[in-house]
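Heads up: the structure comes next, in structure tokens.
Each reported figure results from applying straightforward, stated rules to the coordinates on display, with no laboratory input. Predicted model, so just to flag it, every value in this text is computed and none were measured. Virtual Cβ from ideal backbone geometry, glycine too; neighbours counted across all protein chains shown.
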Amino acid sequence: MGRRQLLLLPDDDLDRQGLEAYAQYKRDVPATPSEGDRDYVACVTQSLAEEVESGHAPATWEFTVFEDPTPNAFALPGGKIGVHSGLLDVAETDAQLAAVLGHEMAHVLAQHSNERISASQVADLALLIADATTDMDPQILAGLGLGAHYGLILPYSRAHESEADLIGLDLMARAGFDPREAVLLWRNMEKNASEEGAGPEFLSTHPTYRTRTQDLDRRMPRALHLYHEARARGRTPWCRR
Ligand SMILES: [Zn+2]
């Protein structure tokens with residue numbers, strides 16, 4: 001997005017921590033037994049991953065669908081993605097799921113974890129990460145974006161959330177998912193959060209629905225252009241649950 005960033009951690013260190021955090025999460029939360037749900041998420045993830053440009057992109061993206069009723073998802077440095085089964089009820093279409101996964105992948109692509117851990121208020125985390133052994137410190141897990149599960153909320157800043165929204169919007173459009181579905185997704189999320197009284201990562205400090213949709217609307221002409229180009233190139237994903 002043309003912004004300057006303070007990145008103190010070597011990519012390798014952070015990727016390694018991402019892998020370890022993912023392994024720990026997999027030990028703590030059961031994976032879904034539903035093959036249909038796995039195939040569905042695979043379809044959306046692969047469609048998005050094909051459109052990710054190199055640079056800071058992980059060489060491979062991997063995902064797990066976890067058996068958890070909260071509508072949440074995360075992506076860790078190194079390209080490890082987690083999707084809660086509850087998200088599949090709130091994201092009503094493949095394009096809405098692509099909006100969430102595009103947002104989470106954008107946090108990785110824009111190196112938000114590194115930037116967050118490098119920021120002064122969490123500078124200790126850089127040391128913790130350098131020292132991390134087998135059982136990961138909850139602060140590290142939170143720094144990587146898994147705080148909600150481990151009881152320590154360290155949300156992304158609003159600036160990071162807005163940036164992830166816009167990068168994610170472009171990404172879903174380039175993959176051939178209708179970017180207008182992103183607005184519907186955030187509306188569903190807001191509705192669900194107000195009913196359930198709980199907030200996933202992307203709503204914790206997230207811009208209000210109003211700000212968020214205004215930002216998305218401003219970017220929409222560009223995203224629609226990318227979408228129509230993608231469809232013309234044959235990017236016509238068809239993912240069904
Ligand atoms: Zn986010």
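For this structure, a couple of remarks:
- Computed label-point distance, nm, for sites residue 217 and residue 229 using a 7 Å Cα→Cβ extension: 2.5
- Sequentially through the stretch 226-241, phi angles give Karplus couplings (6.51, -1.76, 1.60; θ = phi - 60°) of 4, 5, 5, 4, 5, 4, 5, 7, x, 7, 10, x, 9, 10, 10, 6 Hz, Gly and Pro residues having no value and appearing as x.
- Efficiency of FRET from Cβ geometry, residue 89 and residue 60, R₀ 30 Å, rounded to 0.05: 0.60
- Radius 11 Å from Cβ of residue 166, net charge of other residues (Lys, Arg +1; Asp, Glu -1): -1
- When each of the peptides 168-178, 27-37, 208-218 is scored by the mean number of other C-beta atoms lying within 10 Å of its residues, the order from highest to lowest reads 168-178, 208-218, 27-37.
- Applied to the stretch 161-168, the Karplus parametrisation 6.51 cos²θ - 1.76 cosθ + 1.60 on θ = phi - 60° returns per-residue 3J(HN,Hα) values of 5, 5, 5, 4, 4, 6, 5, x Hz, with x for Gly and Pro.
- Remark: spin-label model distance residue 4-residue 53 equals 2.2 nm, labels positioned 7 Å along the Cα→Cβ axis.
- Phi angles of the stretch 106-117 translate, via the Karplus equation with coefficients 6.51, -1.76, 1.60 and θ = phi - 60°, into HN-Hα couplings of 4, 4, 6, 4, 8, 6, 5, 4, 4, 5, 5, 6 Hz per residue; Gly and Pro are given as x.
- Residues whose amide H lies under 5 Å from that of residue 66, counting only those 5 or more places away or on a different chain, are 32, 83, 84, 85; hydrogens are built 1.01 Å from N in the peptide plane.
- The simple Förster model, with R0 at 35 Å and r as the Cβ-Cβ distance, assigns residue 27 and residue 236 a FRET efficiency of 0.35.
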